């Protein structure tokens, strides 16, 4: 799973108004899932990102944002990928009004992009706002989802949908191949676990080793200094069914920008929710010991 897969949950529950996402209705998605991006090696690592308000627009009235993300990623293509994620943030709307959100999430995804498990709990002002627990598995013709919380439910999503870690691997593969645009649905178990997202990803010019040296914690890593990275923006669009789908260009519900290294590490986050935007600076970074495939 990736950092940007959790980004849609970074706004406290009081402001999360249903971040369902899909690309424009005219886009056609293939029925069959593409093979996993097996040549991408993801690095186990632990990173901390400090959050703050970067822009405030419109009538939302956000005055300040304070918070932190803890992102702990481990595993490999043989054993699967584990993610421990926690994000605590406080949004101040002025006049003494502030909302505190504490999100904790644990996920596992196998290296063949066929199985995905997820568990998350989000508290707002020390009160439990929502809890999600479930699993998903890809079969020959669909992706079967089974939820145990917030309520027991089983349903299918299209087989062309990918899980979060596979999403990241495909973006890196596309960047290496010089591609600039990607779009496909992503299922990540967020919100109530019933949302299917689609993503429109724009990949910028590669930044080679030695170019534009970072000034955050990434600058202290000799491993990252040797790697290429790419600026990436992912936009999310509200899902429309066939009866209510709109023609023409859709406005994204929100977007996230970041730089991604070829080993899956992300830095320089910008989370744009239209009315306001949040920046996330990497304040701590640690490479973890890799466990090779057997």
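The values are calculated or read from the model by the stated rules, or taken from the named source; none is laboratory data. The model shown is predicted, which means the values in this text are computed figures rather than measured ones. Every residue, glycine among them, receives a Cβ derived from its backbone with ideal geometry; neighbour counts consider all protein chains shown.
In this structure, does residue 235 turn out to be surrounded by fewer than 18 Cβ atoms within 10 Å (Cβ to Cβ) and part of a strand (DSSP E or B)?
No; evaluated as a whole, the condition is false for this residue.
Residue 200: within 24 Å of residue 83 (Cα to Cα) and either touching a helix residue (DSSP H, G or I) at 6+ places or on another chain (Cβ under 9 Å) or at pLDDT below 90 (or both), yes or no?
Values: within 24 Å of residue 83 (Cα to Cα): yes; either touching a helix residue (DSSP H, G or I) at 6+ places or on another chain (Cβ under 9 Å) or at pLDDT below 90 (or both): no.
Taking the combined requirement at face value, the residue does not satisfy it.
Looking at 131, 135, 179, which is the one that is at negative phi and assigned to a loop (DSSP other than H, G, I, E, B)? Break it down into steps so the answer makes sense when it comes.
Details: 131 fails: assigned to a loop (DSSP other than H, G, I, E, B); 135 fails: assigned to a loop (DSSP other than H, G, I, E, B).
Only one candidate qualifies: 179.
Name the single residue, out of those in the stretch 193-209 being assigned to a loop (DSSP other than H, G, I, E, B) and surrounded by fewer than 16 Cβ atoms within 10 Å (Cβ to Cβ), that is nearest to the chain's Cα centre (by Cα). Write out each step before concluding.
So in the stretch 193-209, the residues assigned to a loop (DSSP other than H, G, I, E, B) come out as 193-196, 204-206, 208-209.
Cutting the leftovers down to surrounded by fewer than 16 Cβ atoms within 10 Å (Cβ to Cβ) gives us 204-206, 208-209.
Working: 204: 18, 205: 21, 206: 21, 208: 24, 209: 25 Å.
Here the residue is 204.
Take the stretch 214-234 and flag every residue that is more than 30 Å from residue 251 (Cβ to Cβ) and either free of Cβ contacts under 8 Å to residues at least 12 places away in the same chain or touching a helix residue (DSSP H, G or I) at 6+ places or on another chain (Cβ under 6 Å) (or both).
Of all residues in the stretch 214-234, those more than 30 Å from residue 251 (Cβ to Cβ) come to 214-228.
If the condition is that a residue be more than 30 Å from residue 251 (Cβ to Cβ) and either free of Cβ contacts under 8 Å to residues at least 12 places away in the same chain or touching a helix residue (DSSP H, G or I) at 6+ places or on another chain (Cβ under 6 Å) (or both), then 215, 218, 219, 222, 224 are the ones that fit.
Here is a yes/no grid of residues against (1) within 25 Å of residue 194 (Cβ to Cβ); (2) at pLDDT 95 or above; (3) surrounded by fewer than 20 Cβ atoms within 10 Å (Cβ to Cβ):
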| position | (1), (2), (3) |
| --- | --- |
| 242 | yes, no, yes |
| 256 | yes, no, no |
| 267 | no, yes, no |
| 274 | yes, no, yes |
| 278 | no, no, no |
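Could you list, in sequence order, all residues of the stretch 274-284 that are under 18 Å from residue 88 (Cα atoms) and either more than 14 Å from the chain's Cα centre (by Cα) or free of Cβ contacts under 8 Å to residues at least 24 places away in the same chain (or both)? Spell out the reasoning first.
The first filter runs over the stretch 274-284 and keeps only residues under 18 Å from residue 88 (Cα atoms), leaving 276-284.
Hits for the stretch 274-284 are 276, 277, 278, 279, 281, 282, 283, 284.
Among the residues of the stretch 114-126, is any assigned to a loop (DSSP other than H, G, I, E, B) and under 28 Å from residue 294 (Cβ atoms)?
Step one: list which residues in the stretch 114-126 are assigned to a loop (DSSP other than H, G, I, E, B), which gives 114, 125-126.
So of that shortlist, the ones also under 28 Å from residue 294 (Cβ atoms) come out as 114.
For the stretch 114-126, residues assigned to a loop (DSSP other than H, G, I, E, B) and under 28 Å from residue 294 (Cβ atoms): present.
Tally time: how many residues in the stretch 55-89 are farther than 24 Å from residue 117 by Cβ, touching a strand residue (DSSP E or B) at 6+ places or on another chain (Cβ under 9 Å) and either buried (at least 16 other Cβ atoms within 10 Å of the Cβ) or at pLDDT below 90 (or both)?
Of the residues in the stretch 55-89, the ones farther than 24 Å from residue 117 by Cβ are 55-68, 89.
Next cut, touching a strand residue (DSSP E or B) at 6+ places or on another chain (Cβ under 9 Å) only: 55-58, 60-68, 89.
Now restrict to residues that are either buried (at least 16 other Cβ atoms within 10 Å of the Cβ) or at pLDDT below 90 (or both): 55-58, 60-65, 67, 89.
Of the residues in that region, 12 qualify.
Report, by residue number, each residue of the stretch 170-186 that is at pLDDT 90 or above, touching a strand residue (DSSP E or B) at 6+ places or on another chain (Cβ under 8 Å) and either loosely packed, with under 15 Cβ neighbours inside 10 Å or within 18 Å of residue 109 (Cα to Cα) (or both).
170, 171, 172, 179, 180, 181
Of the numbered conditions (1) buried (at least 18 other Cβ atoms within 10 Å of the Cβ); (2) assigned to a strand (DSSP E or B), residue 111 satisfies every one except a single condition; which is it?
Exception for residue 111: condition (2).
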